[in-house]
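Beneath this line is the structure, given in structure tokens, with notes to follow.
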Amino acid sequence: MNKDKAIGIVGYGIYLPEGRQSAEEIAAATNGVWTADAVREKLGIEQKVIPGKHDGTQEMGVKAAKDALARTQTDPMDIDLLLSVGEEWKEYPLTTSGIYIQEQIGARRAWAIDVQQRCCSTISALKMAKDMMLADENINTVMIAGGYRNGDFVDYTDKTMSMMYNLSAAGGALILKKGYEHNLLLGSHVMSDGSMARDAGVVYGGTEKPITCENAGKAYKSLTLMNPAHMKERLNSVSMDNWMNCIDLALQKSGYQRKDIDYLAVLHFKRSMHQVMLEELGLSEDQTVYLSQYGHAGQIDQILSLHLGLESGKIKNGSVVSMIAAGIGYAWAANVIRWG
């Protein structure tokens, strides 16, 4: 590869709050509709991470970013661009998370912008970072960082919401550099389907249904499936095909095939779906980490999986890694990284 076109991942950072919620506690919160065994076996949650009082979305992004700087010995003044992938549920609405993180870590030469695509945000931001570095000679080092705690909005008594009982909390960060010929970010592919744009979301708090004295009690637990029948039908008909399309095209752009994947950095979803995904790709459990001890921290899952894959030795020098994600809205994304 031409060194001028090489975009490599210098390293990552991770932040995990100390709090945990067990399968038993989740089952109890459903008022007995779900048993602890069903939470474990069907939903694939042994426990999940929950945020503490001061684990705001932006602050978790700062902690992960600082961890990335420390792990890689990167000078924050070398960062040219900061892409925040933190969620919209944050300490203060209408503040720009990327600009806050930039200031807190001392990246005063950088400019920052927030990227929003729900759980696909990190993979899309990686594609954006690479494309922007190749297009702009003044962007040589990019940090991607953010935090996630959308689990705050989960109402466990809402039976339609079981697919989101796993929502947890974490912060993650990645540092990419132009001309860095290690851990190469290769091809990516992203797609979205607007027919489900408002099938899921937080009902109260926007201009359509503002929070009032009367609805405040339920407003902060109003993440739900607004059109569950349509979303379920549509996902059942297109989701796996769209995912495989993204994976295959990302591999094709990278000069690889499914058989070349060594490690899958995959988000947390129910156990049966996870197993179908592995079977479809011809992978074994030894080629991924199922996040049953962490839950689903949205777009931070891929960074957490990368961290766990490296720590466990599942990702080795020369490993072909594919990150995959899907986010409500609805979007699907995949990329390929040649590690080492």
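The values are calculated or read from the model by the stated rules, or taken from the named source; none is laboratory data. Nothing here was measured: the structure is a model prediction, and the numbers come from that model. Cβ coordinates were reconstructed from backbone atoms using ideal geometry, including for glycine residues, and neighbour counts include every protein chain displayed. To get the accessible areas, we keep the full protein, side chains included, count just its heavy atoms, and leave off ligands, DNA and RNA. Shrake-Rupley method; radii C 1.70, N 1.55, O 1.52, S 1.80 Å.
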Requested in this report: Could you please find all residues in region 125-153 being touching a residue at least 40 places away in the same chain (Cβ under 8 Å), open to solvent by 10 Å² or more (accessible area, probe 1.4 Å) and of a type in the set (Gly, Ala, Ser)?
Outcome: Gly151
**Report entry** Test: residue in region 69-83 that is surrounded by fewer than 24 Cβ atoms within 10 Å (Cβ to Cβ) and assigned to a strand (DSSP E or B)
**Finding:** no
Report summary line: Contact list, first residue from region 154-177 and farther than 30 Å from Asn140 by Cα and open to solvent by 10 Å² or more (accessible area, probe 1.4 Å), second anywhere and of a type in the set (Lys, Arg) and not in a strand (DSSP E or B), beta-carbon distance below 7 Å, six or more apart or interchain, is Asp155/Lys221
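Would you point out the residue of region 160-216, among those that are of a type in the set (S, T, N, Q) and not in a loop (DSSP other than H, G, I, E, B), that is modelled with the lowest pLDDT?
Initially, region 160-216 is screened for residues of a type in the set (S, T, N, Q), giving 160, 162, 166, 168, 183, 188, 192, 195, 207, 212, 215.
Now narrow it down to the ones that are not in a loop (DSSP other than H, G, I, E, B): 160, 162, 188, 192, 195.
On the way: Thr160: 91, Ser162: 96, Ser188: 98, Ser192: 98, Ser195: 97.
Ranking the candidates gives Thr160 first.
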Report task. State which residue pairs qualify: first residue without any contact (Cβ under 8 Å) to a residue 40 or more places away in the chain and open to solvent by less than 60 Å² (accessible area, probe 1.4 Å) and inside region 268-283, second residue assigned to a helix (DSSP H, G or I) and of a type in the set (D, E, K, R) in any location, beta carbons under 6 Å apart, and separation of 6 or more residues or different chains. Result -> Leu281/Arg258
Query raised in the report: Going by the conditions given, is Gly295 touching a Lys or Arg at 6+ places or on another chain (Cβ under 6 Å), among the small types (Gly, Ala, Ser) and open to solvent by less than 40 Å² (accessible area, probe 1.4 Å)?
Result: yes
Query - Single condition Gln257 does not satisfy, out of (1) open to solvent by less than 20 Å² (accessible area, probe 1.4 Å); (2) farther than 29 Å from Glu41 by Cα - result: (1)
Query raised in the report: Is one or more of the residues making up region 68-75 more than 17 Å from the chain's Cα centre (by Cα) and of a type in the set (Ser, Thr, Tyr)?
Result: yes
Report summary line: In region 52-68, residues that are in contact (Cβ under 8 Å) with a residue 40 or more places away in the chain and part of a loop (DSSP other than H, G, I, E, B) total 2
Report summary line: Exactly one of Leu308, Leu235, Leu249, Leu304 is in a helix (DSSP H, G or I), surrounded by 22 or more Cβ atoms within 10 Å (Cβ to Cβ) and out of contact with any Asp or Glu (no Cβ under 7 Å at 6 or more places or on another chain), and that one is Leu304
Query - Subset tally (residues that are among the hydroxyl-bearing types (Ser, Thr, Tyr) and either at positive phi or part of a helix (DSSP H, G or I) (or both)) for region 1-50 - result: 0
Query raised in the report: Are any residues in region 194-221 buried (at least 16 other Cβ atoms within 10 Å of the Cβ), within 21 Å of Gln117 (Cβ to Cβ) and in contact (Cβ under 8 Å) with a residue 40 or more places away in the chain, and if so, which ones?
Result: Met196, Asp199, Ala200, Gly201, Val202
Query raised in the report: Counting only residues that are in contact with a helix residue (DSSP H, G or I) (Cβ under 8 Å, 6 or more places away or on another chain), among the β-branched types (Val, Ile, Thr) and open to solvent by 30 Å² or more (accessible area, probe 1.4 Å), which one in region 84-116 is farthest from Leu304 (Cα to Cα)?
Result: Thr95
Report task. Quick one: which residue in Tyr100, Tyr92 is assigned to a helix (DSSP H, G or I) and of a type in the set (Phe, Trp, Tyr)? Result -> Tyr100
Requested in this report: Evaluate the following for Lys42: is it open to solvent by 10 Å² or more (accessible area, probe 1.4 Å) and of a type in the set (Lys, Arg)?
Outcome: yes
